[in-house]
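One structure is given here, and the rest of the page talks about it.
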Amino acid sequence: MLQQFLHDFGYFALFLGTFFEGETILVLAGFLAFREYMNIQTVIMVAFMGSYAGDQLWYFLGRRHGRKLLKRKPRWEAMGDKALDHIRRHPDLWVLSFRFVYGLRTVMPVAIGMSGYPPARYLLLNGIGAIVWATVLGLAAYHFGAVLEGALGNLKRYELMVLGALLVLGVVLWLWRRIRAPKK
C-alpha cells in the first residue's frame, strides 16, 4: 500500500513540498529512498526542481509586489527587513545559502527580489544553492536511515514508527510556526 502510494504520488508530493517549504518532506523522502521506496537520485533531482521553481517564483513576486506580500503577515514583514539587511551586506552568500537558515526559506527570495538583485545572477546562484541543498539534505537523510538501521538492527520492524515520527516532527514544526506567528 505504501509502495503503491509513493509510486503514484511520492515524487509529485516531494515536488510540491519543496516548492512551498522543503526540509521535512525532503528528509522523509531521503529516508524513504534508503528504504528503497524511492530512488535517491530522483529524490535529489525532484527536490532541486521544486525548491528552485518555488524560489524563482517568490523572487519574481518580490520584484513586483515585495512590500505588499510582506505586509500580509507581520512576522514576514519583520523577517523581510532583517533579510534585506543581510542581503545588502553579503548578497551572493545569502542567495547561495538562505535555504540552510531555518525560517527564512520563503521570505528570503521575496527580499532578494525587492533588493534589486540581478535576475540572471539570481537564476544562476539560486540554481547552485538549490542543488547543493537538495543533495546535502537528501543524502544526509538517506544516510540517517543507514545509521538508524545500524543502531536498531532490522529497520523493517521500526519503519512505520520512524516514518510516523518524521511525519509528526514535520507537523509539530509546522504547528509551532503557525502558533508563533503573530495574529493580525
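The values are calculated or read from the model by the stated rules, or taken from the named source; none is laboratory data. All values reported here derive from a predicted model rather than from experimental measurement. With ideal geometry, Cβ positions are generated from the backbone for all residues, glycine too; neighbour counts draw on all protein chains shown. Remember, those area values only see protein heavy atoms, side chains included, never the ligands or the DNA or RNA. Shrake-Rupley method; radii C 1.70, N 1.55, O 1.52, S 1.80 Å.
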ask   = Is it the case that residue 92 is over 24 Å from residue 146 (Cα atoms) and surrounded by fewer than 21 Cβ atoms within 10 Å (Cβ to Cβ)?
value = yes
query = Could we say that residue 70 is more than 25 Å from residue 171 (Cβ to Cβ) and in contact with an Asp or Glu (Cβ under 8 Å, 6 or more places away or on another chain) here?
reply = yes
inquiry  = in contact (Cβ under 8 Å) with a residue 60 or more places away in the chain, open to solvent by 40 Å² or more (accessible area, probe 1.4 Å) and in a helix (DSSP H, G or I): is that true of residue 137 in this structure?
reply    = yes
message = Take the conditions modelled with pLDDT of 70 or more and within 23 Å of residue 58 (Cα to Cα) and apply them to residue 171. Does it pass?
response = no
ask   = Which residue out of 26, 57, 70 is open to solvent by 70 Å² or more (accessible area, probe 1.4 Å) and hydrophobic (A, V, I, L, M, F, W, C)?
value = 57
ask   = If you take the residues in segment 95-128 that are polar (S, T, N, Q) and farther than 23 Å from residue 176 by Cα, which one is surrounded by the fewest Cβ atoms within 10 Å (Cβ to Cβ)?
value = 97
